[in-house]
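The values are calculated or read from the model by the stated rules, or taken from the named source; none is laboratory data. Note that the structure is predicted; figures quoted are calculated from it, not measured. We place every Cβ from the backbone using ideal geometry, glycine too, and count neighbours over all the protein chains shown. SASA here: full protein model, heavy atoms, side chains in, ligands and nucleic acids out. Shrake-Rupley method; radii C 1.70, N 1.55, O 1.52, S 1.80 Å.
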Amino acid sequence: MSHKVYRTNHSQEWVVLFHGFGGNHKIFYKQMEEFQDRYNLLLVDLPGHGGSPICDKEPVLTYTGRKVIELMDLLHIGKAHFLGVSLGTLVIQHMADEYPERIQSMILSGAVGKWLWWGEALGRLSLSFPIRNMLPYMFPYTCFAYILMPKKNHKKSRNVFIKEALKLGRQAYLTWLFSVRDAYMLYERLRKKKNNIPKLYISGEEDHMFLGGIRKHVRKEEAAELVEIPECGHVCNIEKATEFNALSLDFIHRMSTQLKRRLS
């Protein structure tokens, strides 16, 4: 998998970052200056995104999780803090299900879970056999970008969302969209398990498609907290980078401090 590594002399800890649908590791450009000085960073291009090829020989989440673990082993990363945006949160949840021992903490921004009923209906319609073969893939994608991020203050995030997706390609688009459509199934599996991985959910108060479902999930999940950023939509790390960075870095610091206390 295509990735970037940034090392620091100030810490032995690692943060692994996963971007959202259609993007690549460059969407974290507003996080790099603050994060890079404090932690070692591993930024991954998800399959079909950036420089990582798509794989059609096994389920995409299974493949992604396995490859990330291989990459961590190669870099001698035992455990790490994981930070994901949108689609990236789905990858983290899968890894929490399959590889919880490799995760020190989780930051899930714009977490993708249960859709509003009409959003789910539109998604299923766009993925139905006749529709997905009739329309260019970017047409429903662009429509969903405006549905997810409709307001004026969402414009910058929406433009990045659409611009980067032009590089995605039809196969990768469909492969990942099926996973997003079925995200609720992963959350149902997670609710049946108990883990003590500390989890910080960061959502914009205007993330109307997913916020309701995430609120319900967090109330039932162990070691989880949710922070909602005012006047912010789905892509918090771009729309409200200052608040997002402060919340994320404070959370990682708190979790690291707690771990050191337990080990001392």
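Among the residues of the stretch 40-49, are any assigned to a loop (DSSP other than H, G, I, E, B), crowded, with 19+ Cβ neighbours inside 10 Å and of a type in the set (Asp, Glu)?
For the stretch 40-49, residues assigned to a loop (DSSP other than H, G, I, E, B), crowded, with 19+ Cβ neighbours inside 10 Å and of a type in the set (Asp, Glu): present.
Kindly state which helices (runs of 4 or more DSSP H) lie completely within the stretch 179-246 and contain at least 1 residues that are among the acidic types (Asp, Glu) and within 25 Å of Ala80 (Cα to Cα).
Correct list: 183-191.
If you take the residues in the stretch 32-53 that are in contact (Cβ under 8 Å) with a residue 40 or more places away in the chain and over 19 Å from Ser2 (Cα atoms), which one is nearest to the chain's Cα centre (by Cα)?
Result: Phe35.
If you scan the stretch 166-213, which residues turn out to be touching a strand residue (DSSP E or B) at 6+ places or on another chain (Cβ under 6 Å) and of a type outside the set (Asp, Glu)?
If the condition is that a residue be touching a strand residue (DSSP E or B) at 6+ places or on another chain (Cβ under 6 Å) and of a type outside the set (Asp, Glu), then Ile197, Pro198, Lys199, Leu200, Tyr201, Ile202, Ser203, Gly204, Leu211 are the ones that fit.
Which residue is nearest to Val160 (Cα to Cα), if the candidates are limited to the stretch 211-238 and must be free of Cβ contacts under 8 Å to residues at least 24 places away in the same chain and open to solvent by less than 50 Å² (accessible area, probe 1.4 Å)?
Ranking the candidates gives Leu211 first.
Rundown of residues vs (1) touching a residue at least 60 places away in the same chain (Cβ under 8 Å); (2) within 16 Å of Leu43 (Cβ to Cβ), yes/no style:
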{"residue": "Cys55", "(1), (2)": "no, no"}
{"residue": "Thr62", "(1), (2)": "no, no"}
{"residue": "Lys67", "(1), (2)": "yes, yes"}
{"residue": "Leu71", "(1), (2)": "yes, yes"}
{"residue": "Val85", "(1), (2)": "yes, yes"}
{"residue": "Ile92", "(1), (2)": "yes, yes"}
{"residue": "Ala96", "(1), (2)": "yes, no"}
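Is there any pair linking a residue in the stretch 239-264 that is surrounded by 12 or more Cβ atoms within 10 Å (Cβ to Cβ) to one that is among the hydroxyl-bearing types (Ser, Thr, Tyr) and assigned to a helix (DSSP H, G or I), with Cβ under 9 Å and at least six apart or on different chains, and which?
Note: pairs meeting the criteria are Glu239/Ser157.
Which ones in the stretch 159-180 are of a type in the set (D, E, K, R) and open to solvent by 70 Å² or more (accessible area, probe 1.4 Å)?
Lys163, Lys167, Arg170
Quick check on this structure: which one of Leu127, Leu116 is open to solvent by 10 Å² or more (accessible area, probe 1.4 Å), modelled with pLDDT under 95 and over 25 Å from Ser11 (Cα atoms)?
Step by step, each of Leu127, Leu116 is checked, and only Leu116 is open to solvent by 10 Å² or more (accessible area, probe 1.4 Å), modelled with pLDDT under 95 and over 25 Å from Ser11 (Cα atoms).
Going by the conditions given, is Leu108 modelled with pLDDT of 95 or more, touching a strand residue (DSSP E or B) at 6+ places or on another chain (Cβ under 9 Å) and not in a helix (DSSP H, G or I)?
yes
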